[in-house]
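Take this structure, written in structure tokens, and hold onto it; I'll ask about it next.
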Amino acid sequence: MSAFCLLWMPLFFLFWSALVPYKVDVSGALAVILGSVTAILQFFFGNLIAGGAFGMERWIGVFVDLVALPAVLPLFVYALFLLLRIAKDTTGFGSFSLLWLAPSGILRTVQWGVENDPAKLLLIPVLWTSIAVCVSFFINFYLRKKTLVAAVCSIMAIALIVPLATTVYWAFFSQIILIRWALLFGTLALLVCAVVISWRSRAREERAAVVQKDGVCNM
């Protein structure tokens, strides 16, 4: 379990970067640095919100400290980098976020390994990935289409995946058996759909490039 938490983020970064090419430039270096600083601060200073026992207070604590905010924060930072022209690749949201989260996976492995908490070691890296990949996927979907329908669909999907991923861990913590598995499968289904569609898009682009190259050569 500790090995899974330790290796999942960097390995998935390599996998996702193969589907959505990302050049590790200044923004990539900043992702590692800022992610490391954030992880160290949280490791030493603890959670921002007292978790509480159960109910809504616990859900808010999970949202802020464990699942949603850690995965969403790098997406906002990357958007800021695009505005400041520090980053130039508009498709790099997912890879940037995964790079940012890799140091957190390392430090959290130490913390959660000591706590012997399998739910955190196995679930949270996957939930982070689901948020980072799905949100970046829908952002890129809108940037490709740039239509009102694409904007509405993207906003609705992003508004779904973030609280959904939070509720998955909350349901596991609260021992709500049927709901937790249904929500987990729903979250994984969104992640798989984002990966498959990105893979198919990448394959189409490569085939189109080969056809265009062959056409130029034949001429």
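Read-outs throughout are calculated quantities, based only on the coordinates presented, and are distinct from any laboratory measurement. Since we're looking at a predicted model, the values are computed, not measured. As a convention, Cβ positions derive from the backbone with ideal geometry for all residues, glycine included, and neighbour counts pool all protein chains shown.
Under 10 Å, Cα contacts only: if you run a Gaussian network model on the chain, which one of L14, L183, L84 comes out with the highest mean-square fluctuation?
Sorting by GNM fluctuation, first place goes to L84.
Counting only trypsin sites (Lys or Arg not before Pro) that are in a DSSP loop and have at most 13 other C-beta atoms within 10 Å, tell me the longest site-free stretch of the chain.
Here the longest run is 147-219.
Just P103, P74, P163 to compare: in a GNM of the chain, with alpha carbon springs under 10 Å, which one fluctuates most?
P163
Roughly what would the spin-label model give for L83 and V32, points 7 Å off Cα along C-beta, in nm?
In this crude label model, L83 to V32 measures out at 2.8 nm.
Additional query: Among the complete DSSP H segments of the chain, which ones combine at least 18 Å of alpha-carbon extent along their axis with a mean Kyte-Doolittle hydropathy of 1.0 or more? Could you put the intermediate results ahead of the total?
Values: long enough: 2-19 (26 Å, 1.84); 26-45 (28 Å, 2.01); 68-83 (23 Å, 2.36); 93-115 (32 Å, 0.71); 118-145 (41 Å, 1.29); 148-173 (38 Å, 2.17); 177-218 (61 Å, 0.75).
What comes out of the filter, once short or polar helices are dropped, is 2-19, 26-45, 68-83, 118-145, 148-173.
For a Förster distance of 22 Å, can you work out the FRET efficiency between the beta-carbons of M1 and I177, rounded to the nearest 0.05? Numbers along the way, then the final one.
Values: r = 20 Å, r/R0 = 0.93.
For M1 and I177, the calculated efficiency is 0.60.
While we're looking at this one, here's another question. Residue separation times 0.36 nm, minus the C-alpha to C-alpha distance between A150 and F44: what's the value?
Separation in residues times 0.36 nm, less the Cα-Cα distance, equals 34.0 nm.
Obtain the nm distance between the two label points defined at T91 and Q111 by a simple spin-label model: each point lies 7 Å from its Cα along the Cα-to-C-beta direction.
Computed distance between label sites T91 and Q111 equals 3.4 nm.
Could you estimate the translational diffusion coefficient of the chain from the Stokes-Einstein equation, with Rh from the Kirkwood formula over C-alpha pairs, at 20 °C and 1.002 mPa s, in whole µm²/s? Provide the component values of the computation, followed by the final result.
On the way: Rh = 18.3 Å.
The diffusion coefficient I find is 117 µm²/s.
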